[in-house]
Amino acid sequence: MEQLRYFEDYEVGAQRLTTGRTITETDFIVHAGHTGDFFPHHMDAEFAKTTPFGQRIAHGTMVFSIGIGLTASVINPAAFSYGYDRLRFIRPVFIGDTIHTRVTIHLKEDDPKRAEVGRVVERTEVINQKGEVVLAADHIHIVERRPRAA
């Protein structure tokens, strides 16, 4: 779906919550294959039993990828991603956990390089089925300002 939103249309504090996604063993295997990260914390069930978590934990980068992917439901032709700041892996995610992503407009500011756009910072929090935040990051968008009437 496409929805045109200009910088002026964003309101600090506005939130949205995505649908859920249950993490599977297949996710672990596919992500390890894509990234080359076959560390035993993710792939070796017997080794993982000896860790403080007692079971395999999801790759942080996988949780980030899936969590951000859940937010990609609307295309705004007046905005593009400038990147992510403050990425933190707060709690482990396990096979069978269901995650959702909560997006909150955290900040709006002028772009220091371009007057025709502003920056919108979304606080992105991936939440498990218990309501615990497992991952957090700030997603920075460059967003066009509303065109001025002639």
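Taking Ile142, is it buried (at least 16 other Cβ atoms within 10 Å of the Cβ), more than 27 Å from His31 (Cα to Cα) and at pLDDT 95 or above? Yes, satisfied. Among residues of the stretch 46-72 being among the small types (Gly, Ala, Ser) and closer than 22 Å to Arg21 by Cβ, the one that is modelled with the lowest pLDDT is Ala72. Yes or no: Ile75 farther than 19 Å from Gln129 by Cβ, of a type in the set (A, V, I, L, M, F, W, C) and at pLDDT below 95? So Ile75 fits the description; yes.
Consider the stretch 78-92 and keep the residues that are over 12 Å from His139 (Cα atoms) and not small (Gly, Ala, Ser). The one that is least open to solvent (accessible area, probe 1.4 Å) is Pro92.
Of all residue pairs spaced 6 or more apart or on separate chains, none has beta-carbon atoms under 7 Å together with a first member in the stretch 4-17 that is under 13 Å from Thr124 (Cβ atoms) and a second member that is acidic (Asp, Glu) and open to solvent by less than 50 Å² (accessible area, probe 1.4 Å). Considering the stretch 43-77, and only residues there that are of a type in the set (D, E, K, R) and surrounded by 11 or more Cβ atoms within 10 Å (Cβ to Cβ), the residue that is nearest to the chain's Cα centre (by Cα) turns out to be Arg56. Scan the stretch 8-26 and give yes if some residue there is assigned to a loop (DSSP other than H, G, I, E, B), at pLDDT 95 or above, open to solvent by 60 Å² or more (accessible area, probe 1.4 Å) and aliphatic (A, V, I, L, M), otherwise no. Scanning the stretch 8-26, I find at least one residue that is assigned to a loop (DSSP other than H, G, I, E, B), at pLDDT 95 or above, open to solvent by 60 Å² or more (accessible area, probe 1.4 Å) and aliphatic (A, V, I, L, M), so the answer is yes. Just one of (1) over 11 Å from the mean Cα position of the chain (by Cα); (2) free of Cβ contacts under 8 Å to residues at least 40 places away in the same chain trips up Glu125, so point out which. The single condition Glu125 does not satisfy is (1). Select from the stretch 73-87 the residues that are in a strand (DSSP E or B) and either in contact with a Gly (Cβ under 6 Å, 6 or more places away or on another chain) or of a type in the set (Ser, Thr, Tyr) (or both) and list them in ascending order. Once the filter is applied, which keeps residues that are in a strand (DSSP E or B) and either in contact with a Gly (Cβ under 6 Å, 6 or more places away or on another chain) or of a type in the set (Ser, Thr, Tyr) (or both), the stretch 73-87 yields Ser81, Tyr82, Tyr84.
The number of residues in the stretch 82-113 being farther than 26 Å from Glu132 by Cα and touching a residue at least 24 places away in the same chain (Cβ under 8 Å) comes to 3. If you go through the stretch 104-122 one residue at a time, do you hit one that is hydrophobic (A, V, I, L, M, F, W, C), under 10 Å from the mean Cα position of the chain (by Cα), outside any loop (DSSP other than H, G, I, E, B) and surrounded by 12 or more Cβ atoms within 10 Å (Cβ to Cβ)? Checked against the condition, which is being hydrophobic (A, V, I, L, M, F, W, C), under 10 Å from the mean Cα position of the chain (by Cα), outside any loop (DSSP other than H, G, I, E, B) and surrounded by 12 or more Cβ atoms within 10 Å (Cβ to Cβ), the stretch 104-122 yields no hits at all.
Pairing each residue of the stretch 55-67 that is farther than 10 Å from Asp37 by Cβ and free of Cβ contacts under 8 Å to residues at least 40 places away in the same chain with any residue that is part of a helix (DSSP H, G or I) and open to solvent by 40 Å² or more (accessible area, probe 1.4 Å), provided the two are 6+ apart or on different chains, yields C-beta distances under 9 Å for Arg56/Glu25; Arg56/Pro40; Arg56/His41; Arg56/Met43; Arg56/Ala45; Arg56/Phe47; Ile57/His41. Exactly one residue out of Ala58, Ala137 is more than 16 Å from Tyr6 (Cβ to Cβ) and in a strand (DSSP E or B): that is Ala137.
The values are calculated or read from the model by the stated rules, or taken from the named source; none is laboratory data. Predicted, not measured: the structure shown is a model, and the values here were computed from it. All Cβ positions, even for glycine, are placed from backbone atoms using ideal geometry, and neighbour counts span all protein chains on display. When the accessible area is computed, the model is the full protein with side chains, heavy atoms only, and any ligands, DNA or RNA have been set aside. Shrake-Rupley method; radii C 1.70, N 1.55, O 1.52, S 1.80 Å.
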